[in-house]
Amino acid sequence: MISKEENILFAAEKLFAEKGFEGTSIREIAKAANVNISMISYYFGSKEKLYEKLVEYRMNEGQFFSKDILERTDINDWEKIEKIVDQFAGKVRHQKCFYRIMQREQLHTQNPHIVDFLKQTKMGFISMYSKILESGLKKGIFTKNPPIYLLHSTVSGTLFYASNAKEMYKEFLNNTDEEEIFDDTYYTELNTHIKYLLKDLLGYEENK
């Protein structure tokens, strides 16, 4: 069961992804969430605060996961990288609306709260990659020390571009599968491709 706040957030997320922040009204959000406008005011205060809360809510999901990965002792550093890629790819696939919003925000946002939150979130991911890389180098799991920003750019940049271009690739391939079937194949291959790139960047060899 989701909470009343989450119900409003998820309804707003779909509308913000479709129409943008300026193109979405509180009245539309209330209708989509099947609540009255006063309830939105009660929980969030304004459309701006609701928008900020949505960004914070989704970003925190990733941050909590990252912290858990770093603290695990039952997997090695390469396996931690694999878990991060799996999780990130899953979020991009299943939370399309939010990542559509985020890509728009990175280009056009003028909200200082969101600008700062996005920056801090990115810095958190870069710090996570840095700690895993440092640990893996010390243990001999990785043999290359690439610029740390390349790790984050390789994962996020490849995922976002491929996700945005999915329908074009489906058309190019003349693929007639149902969307869910095509997505299973597409994101599995994308996930595998990113891991191959990271293996080369990090100098990781299996069964070494």
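The values are calculated or read from the model by the stated rules, or taken from the named source; none is laboratory data. Small disclaimer: the values here were computed from a predicted structure and weren't measured. Cβ coordinates were reconstructed from backbone atoms using ideal geometry, including for glycine residues, and neighbour counts include every protein chain displayed. Note: accessible area is taken over every heavy atom of the protein model, side chains too, but ligands, DNA and RNA are not part of it. Shrake-Rupley method; radii C 1.70, N 1.55, O 1.52, S 1.80 Å.
Rounded to whole numbers, the Karplus 3J(HN,Hα) couplings from phi for the stretch 145-160 are 10, x, x, 4, 5, 5, 5, 5, 5, 4, 6, 5, x, 5, 4, 5 Hz, using 6.51 cos²θ - 1.76 cosθ + 1.60 with θ = phi - 60°, and x at Gly and Pro.
Annotation: amide H-H contacts under 5 Å for GLY203 (H modelled 1.01 Å from N, sequence separation of 5 or more, or interchain): THR143, LYS144. Per-residue 3J(HN,Hα) values for the stretch 77-87, derived from phi via the Karplus relation 6.51 cos²θ - 1.76 cosθ + 1.60 with θ = phi - 60°, read 5, 5, 5, 5, 4, 4, 4, 5, 4, 4, 5 Hz in sequence order (x marks Gly and Pro). Backbone phi angles across the stretch 171-185, fed through the Karplus curve with coefficients 6.51, -1.76 and 1.60 (θ = phi - 60°), yield HN-Hα couplings of 5, 4, 7, 6, 7, 10, 5, 4, 4, 5, 5, 4, 4, 4, 5 Hz in residue order; Gly and Pro are listed as x. Each peptide in 116-125, 76-85 was scored by the mean count of other Cβ atoms within 10 Å over its residues; highest first, the order is 76-85, 116-125. For the stretch 161-208, GluC sites (Glu not before Pro) meeting the loop criterion (DSSP other than H, G, I, E, B) and having at most 16 other Cβ atoms within 10 Å: GLU178, GLU205, GLU206. Treating the angle as unsigned and between 0 and 90°, give the value, to the nearest 10°, between the Cα long axis of helix 47-71 and the longest Cα principal axis of the chain. With both axes taken from Cα atoms, the answer is about 20 degrees. Distance from the Cα centroid of the stretch 109-136 to that of the stretch 71-91 is 17 Å (rounded to whole angstrom). A Förster radius of 25 Å combined with the Cβ-Cβ distance from LEU70 to LYS119 puts the calculated FRET efficiency at roughly 0.80. Within the shell of other residues whose beta carbon sits under 13 angstrom from the beta carbon of LEU9, the net charge comes to 0, with Lys and Arg scored +1 and Asp and Glu -1. Average accessible surface for the chain: 59 Å² per residue, computed with a 1.4 Å probe over protein heavy atoms with every protein chain in place. For the chain, the carbon plus sulfur part of the accessible surface works out to 52%, probe radius 1.4 Å.
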